[in-house]
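Nothing in this text is a laboratory measurement; each read-out follows from the coordinates by a stated rule. This is a predicted model, so every value here is computed, not measured. Every residue, glycine as well, gets a Cβ built from its backbone with ideal geometry; the counts of neighbours run over all protein chains shown.
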Amino acid sequence: MGQITTLAAELEASPDASDGGALEMDLLKHTKVAYKLEIAYREATKNASNMPSYERLVRN
């Protein structure tokens with residue numbers, strides 16, 4: 001999630017509007033991948049009691 005936070009901060013701080021589109025696309029891609037990884041982790045660990053929860057695993 002660190003890269004998503006960094007991209008969001010860059011997007012908000014970017015004074016150049018032409019760069020904003022690329023940053024928005026990067027942020028969207030990272031957000032989608034993070035969501036897919038969360039779903040995959042939850043599915044893979046559904047029956048495993050010895051794995052940490054997703055929230056504990058990705059704490060900021």
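Observations on the model:
- Between residue 53 and residue 39, the contour length at 0.36 nm per residue exceeds the alpha carbon distance by 3.8 nm.
- Protection-proxy order for peptides 21-34, 40-53, each taking the mean of Cβ atoms within 10 Å per residue, highest first: 21-34, 40-53
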